[in-house]
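Notes follow the structure.
The values are calculated or read from the model by the stated rules, or taken from the named source; none is laboratory data. Just so it is clear, the model here is predicted, and its values are computed rather than measured. Positions of Cβ are generated from backbone atoms using ideal geometry, with glycine treated the same way; all protein chains shown enter the neighbour counts.
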Amino acid sequence: MRIHYLQHVPFEGLGSIECELKKKGHKITSTKLYNEKITTSLKDIDWLIIMGGPMGIYDDEIYPWLKEEKQFIKEAVSAEKIVLGICLGAQLIADVLGAKVYKNKYREIGWFPLTITPETDKTILSNVLPNQFEAFHWHGDTFDIPKGAVAIAESDACKNQGFIFNNRVLALQFHLETTPESATALVKNCADELDGSHYVQSEDQISENPQKFSNINKIMSNVLNAIENNNLKNNLNI
């Protein structure tokens, strides 16, 4: 498949997703929005991935490219492309689908448990996400679930942790792609957000157990496989 991703800051790339896609031989292209415009045509891609970033979706005056990005995501959804958004990417998808994006009651940074909703069993993620598991988080905003989408996860700090729309548009507020290296980059560049509040862990707590990264990366791999298998099934009209 032809996969294009949108990156908002130099220190938040694909993480473990990159290795998974390369292993399968997919063609990967990108737009680094912090220094270039989107020039890719939707007709040349099958799958759009939108990564995270420290900005908010309403920061158009500071980041003028957000307006163009939202339009591109909206057109990708309308063109029935596969769309995957992570953290800020998930919030952008929620926005273009007409849902409200706003400041969460708590900032959530570090390793916290997720509970998967029973409704997830009706989607392509059935048996893909464990009923409960510890995910990596780094966000201060949240979103409402768009009309027609299925809520898939929640945590104590944040009720709406993700949704899936038409089994091809997936929004994850939490991170499954984070590696020890990308977590270190986040801490280095966003250390001011480690404020010691109730759902914010320290740098040591974030990095103390490398196995946690391996665990979520495996779940990310399973999610990518589910998306790819569903796309293949649809193309074959099975």
(message) Can you report the number of residues in segment 13-28 which are of a type outside the set (Gly, Ala, Ser) and either without any contact (Cβ under 8 Å) to a residue 40 or more places away in the chain or touching a His at 6+ places or on another chain (Cβ under 7 Å) (or both)?
(response) 7
(message) I'm checking my understanding of the structure. Among residues of segment 1-13 that are touching a strand residue (DSSP E or B) at 6+ places or on another chain (Cβ under 6 Å) and surrounded by 20 or more Cβ atoms within 10 Å (Cβ to Cβ), which one is nearest to residue 183 (Cα to Cα)?
(response) 7
(request) Exactly one condition in (1) farther than 22 Å from residue 137 by Cβ; (2) among the basic types (Lys, Arg); (3) modelled with pLDDT of 95 or more is not met by residue 24; state its number. (result) (3)
(message) I'd like the full set of residues that are buried (at least 24 other Cβ atoms within 10 Å of the Cβ), touching a residue at least 60 places away in the same chain (Cβ under 8 Å), hydrophobic (A, V, I, L, M, F, W, C) and touching a helix residue (DSSP H, G or I) at 6+ places or on another chain (Cβ under 9 Å), limited to segment 85-124.
(response) 86, 93, 109
(message) Regarding segment 29-40, can at least one residue be identified that is in contact (Cβ under 8 Å) with a residue 40 or more places away in the chain, over 30 Å from residue 210 (Cα atoms) and not acidic (Asp, Glu)?
(response) no
(request) Within segment 14-36, track down each residue that is touching a helix residue (DSSP H, G or I) at 6+ places or on another chain (Cβ under 7 Å) and farther than 28 Å from residue 234 by Cβ. (result) 33
(message) Given the options 93, 62, 109, name the one that is β-branched (Val, Ile, Thr) and closer than 24 Å to residue 168 by Cβ.
(response) 93
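Would a scan of segment 160-175 turn up a residue that is in a loop (DSSP other than H, G, I, E, B), more than 16 Å from the chain's Cα centre (by Cα) and modelled with pLDDT of 95 or more?
yes
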(request) Output the residues belonging to segment 203-225 that are of a type in the set (S, T, N, Q) and either more than 19 Å from residue 113 (Cα to Cα) or touching an Asp or Glu at 6+ places or on another chain (Cβ under 9 Å) (or both). (result) 215, 217, 221, 225
(request) Would you check which residues across segment 95-116 are outside any strand (DSSP E or B) and either closer than 29 Å to residue 180 by Cβ or charged (D, E, K, R) (or both) and list them? (result) 95, 100
(message) Kindly evaluate residue 186 against the criterion of being closer than 28 Å to residue 163 by Cβ, out of contact with any Ser or Thr (no Cβ under 9 Å at 6 or more places or on another chain) and assigned to a helix (DSSP H, G or I).
(response) no
(request) Return the total of residues in segment 32-50 being surrounded by fewer than 19 Cβ atoms within 10 Å (Cβ to Cβ) and β-branched (Val, Ile, Thr). (result) 3
(request) Within segment 117-150, count every residue that is part of a strand (DSSP E or B) and more than 29 Å from residue 58 (Cβ to Cβ). (result) 3
(message) Every residue in segment 1-13 that is out of contact with any helix residue (DSSP H, G or I) (no Cβ under 7 Å at 6 or more places or on another chain) and outside any loop (DSSP other than H, G, I, E, B), please.
(response) 4, 5, 7
